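Below you'll find the structure, written out as structure tokens, and then a few comments.
The values are calculated or read from the model by the stated rules, or taken from the named source; none is laboratory data. Computed from a prediction, not measured in an experiment: that's the story for all the values here. In this analysis, Cβ positions are derived from the backbone assuming ideal geometry, glycine residues included, and neighbour counts consider all displayed protein chains. Just the protein is used for accessible areas: all its heavy atoms, side chains included, with ligands, DNA and RNA removed. Shrake-Rupley method; radii C 1.70, N 1.55, O 1.52, S 1.80 Å.
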Amino acid sequence: MPTSERNQPAPGEFYLLMPDTTRRGRGHGVEIVNEDALLTPPRLIIRPEEGGFPPLAQRPRLVLDPKLGDPPQDLEGGMSGYWLVSERLKKAFTEIDPHAFEFVECDYLLPDGTVGPTHYLCEVAREIDAVDEEASNFRVIVDEGCPGGKFYDLRGGASLAFKREVVGGSHVFRSPYSGDLVYCDRMSRDSMRGAGIGSDRETRGLRFKDAFRI
């Protein structure tokens, strides 16, 4: 059987994992107050262009400002290029796929100056070329300015298939041609929900979108 036939997409097998920006409320009010000291010029965010964590001169310091928003949920995005994750989500991530992530612990202060719950900046560090273009349905943009010379455009609807022999035992990963998108398998989704982190009614900041139909 041709590989593309073996890798036909199936509902509920793989998901896009992302911060839930559709939830109600104001969003979180956490700031990295020492962000300037953590930058590597000329970058305007902490995360390097190639990903990962640069050498940090000090630990990231987070402060919750109630005027800006609410306390963070288990997963928040947009933190100088990284995710912000709770202690329990870090534990779940590590149990699911310990080699897929990198973390940096943060200092976190509440509005009254007391120490808040432990949080981490999080990076999905595993990148594998696992999308089966022939068995998928989306637009491929060929452009020398893109990393690797192309980009997967999922706007307007897409259906993603994955090379199972490339995915192997990986449960969470990025693609070289999908920008900051993160993919996970059904086991990851079920494990996180089994740990009480996120549901259809209360996402706790985690949004899962079936890669079978985006």
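As a test question: what accessible area, to the nearest 10 Å², does residue 28 have when a 1.4 Å probe is rolled over all protein chains in place?
Looks like 40 Å² after rounding.
Which whole-Hz ³J(HN,Hα) couplings does the stretch 17-24 yield from phi under the Karplus relation 6.51 cos²θ - 1.76 cosθ + 1.60, θ = phi - 60°, glycine and proline marked x?
Along the stretch 17-24, the couplings run 10, 8, x, 7, 8, 9, 5, 6 Hz.
For residue 91, give me every one of the lysines with a C-alpha distance below 27 angstrom, ignoring sequence neighbours fewer than eight places off in its own chain.
Within the straight-line cut-off, residue 91 pairs with 209.
Quantify, in whole percent, the carbon and sulfur part of the accessible surface of the stretch 7-66 (1.4 Å probe; protein heavy atoms only). Working shown, then result.
Working: 1830 of 3480 Å².
After summing per-atom areas, the C and S share lands at 53 percent.
Using alpha-carbon pairs under 8 Å, 6+ residues apart, how would you state the relative contact order of the stretch 37-128 in percent? It would help to have the intermediate numbers written out before the result.
Values: 142 pairs, mean separation 26.9, N = 92.
Computed over the stretch 37-128, the figure is 29 percent.
Once amide H atoms are placed 1.01 Å from N in the peptide plane, what residues at a sequence separation of 5 or more from residue 136, or on another chain, have their amide H within under 5 Å of its amide H?
Close amide H contacts, sequence-distant or interchain: 161.
For the stretch 60-151, what size does the Cα cloud have along each of its three principal axes, sorted from largest down, in whole Å?
That works out to 54, 31, 21 Å along the principal axes.
Rounded to the nearest 500 deg cm²/dmol, what is the calculated helix-only ellipticity per residue at 222 nm for the chain, with -39500 (n - 2.57) per DSSP H run of length n ≥ 4? Mind dumping the intermediate values first?
On the way: 5 runs with 31 residues, N = 214.
Only helices count here, giving -3500 deg cm²/dmol.
Using θ = phi - 60° and the Karplus curve 6.51 cos²θ - 1.76 cosθ + 1.60, what whole-Hz ³J(HN,Hα) does each residue of the stretch 146-153 get, with Gly and Pro shown as x?
8, x, x, x, 7, 8, 8, 9
In debye, nearest 20: dipole of the stretch 101-214 around its Cα centre with unit charges on the Cβ of K, R (+) and D, E (-)?
Values: 15 positive and 20 negative charges, 109 e Å.
Computed charge dipole of the stretch 101-214: roughly 520 debye.
Using r as the Cβ-Cβ distance of residue 166 and residue 112, and R0 as 41 Å, what FRET efficiency do you calculate, to the nearest 0.05? Let's see the in-between values first.
Working: r = 50 Å, r/R0 = 1.21.
After rounding to 0.05, the efficiency reads 0.25.
Give, rounded to the nearest 20 debye, the magnitude of the charge dipole that the stretch 26-97 has about its Cα centre when Lys and Arg contribute +1 at Cβ and Asp and Glu contribute -1 at Cβ.
Details: 9 positive and 12 negative charges, 31 e Å.
In debye, rounded to 20, the stretch 26-97 gives about 160.
What residue among 167, 30, 142 has the largest mean-square fluctuation in a Gaussian network model of the chain, using Cα springs under 10 Å?
Answer for the Gaussian network model of the chain: 142.
Taking H as built 1.01 Å from N, whose amide H comes closer than 5 Å to the amide H of residue 69, not counting residues under 5 places away?
29
Of 96, 156, 39, which is farthest towards the positive pole of the chain's charge dipole, taken about the Cα centre with +1 and -1 on the beta-carbons of Lys, Arg and Asp, Glu respectively?
The residue sitting farthest along the positive end of the dipole is 156.
With axes computed from alpha carbons, what is the tilt in degrees of helix 87-96 against the longest principal axis of the chain, rounded to the nearest 10 within 0 to 90?
30 degrees
Return the single residue from 17, 64, 56 with maximal mean-square fluctuation; model: Gaussian network over the chain, springs between Cα atoms under 10 Å.
It is 56.
Place a point 7 Å from the Cα of residue 33 along the Cα-to-Cβ direction; which residues of the stretch 109-142 have their backbone N under 20 Å from it?
Within reach of a label on residue 33, which here means backbone N under 20 Å from a point 7 Å along Cα→Cβ, the stretch 109-142 contributes 109-121.
Residue 74: net charge of surrounding residues, Cβ under 11 Å, Lys/Arg +1, Asp/Glu -1, itself excluded? It would help to have the intermediate numbers written out before the result.
Details: positive: 88, 90, 91, 204; negative: 20, 76, 87, 202.
Net charge around residue 74: 0.
Restricting things to alpha carbons, find the Rg to Rh ratio for the stretch 94-148 using the Kirkwood radius for Rh. Mind dumping the intermediate values first?
Details: Rg = 19.0 Å, Rh = 15.5 Å.
That ratio equals 1.22.
Give, as a single signed number, the net charge of other residues whose beta carbon lies under 10 Å from the beta carbon of residue 60, with Lys and Arg counted +1 and Asp and Glu -1.
Values: positive: 59, 61; negative: 35, 105, 107.
So the surrounding residues net to -1.
Run the paramagnetic zone check for residue 129: 7 angstrom along Cα to Cβ, then residues of the stretch 146-161 with backbone nitrogen under 17 Å.
Output list for this probe position: 146-153, 161.
From the backbone phi of the stretch 193-202, what are the Karplus-calculated ³J(HN,Hα) couplings (6.51 cos²θ - 1.76 cosθ + 1.60, θ = phi - 60°) in whole Hz, Gly and Pro given as x?
5, x, 7, x, 9, x, 8, 5, 8, 9
Once the other residues with Cβ under 13 Å from the Cβ of residue 133 are scored (Lys, Arg +1; Asp, Glu -1), what is the net sum?
Values: positive: 139, 150, 163; negative: 129, 132, 134, 153.
With Lys, Arg at +1 and Asp, Glu at -1, the neighbours total -1.
For the chain, report the accessible area per residue in Å² (1.4 Å probe, heavy atoms, rounded to an integer). Intermediate values should be presented prior to the final figure.
Working: 11240 Å² over 214 residues.
Using a 1.4 Å probe on heavy atoms only, each residue of the chain averages 53 Å².
How high is the relative contact order of the chain, given as a whole-number percent (alpha carbon pairs under 8 Å, six or more residues apart)?
Working: 437 pairs, mean separation 61.6, N = 214.
Here the relative contact order equals 29 percent.
Which residues' amide hydrogens lie under 5 Å from the amide hydrogen of residue 126, considering only partners 5 or more residues apart or on another chain, with H built in the peptide plane?
Excluding prolines and chain starts, which carry no amide H, the hits are 174.
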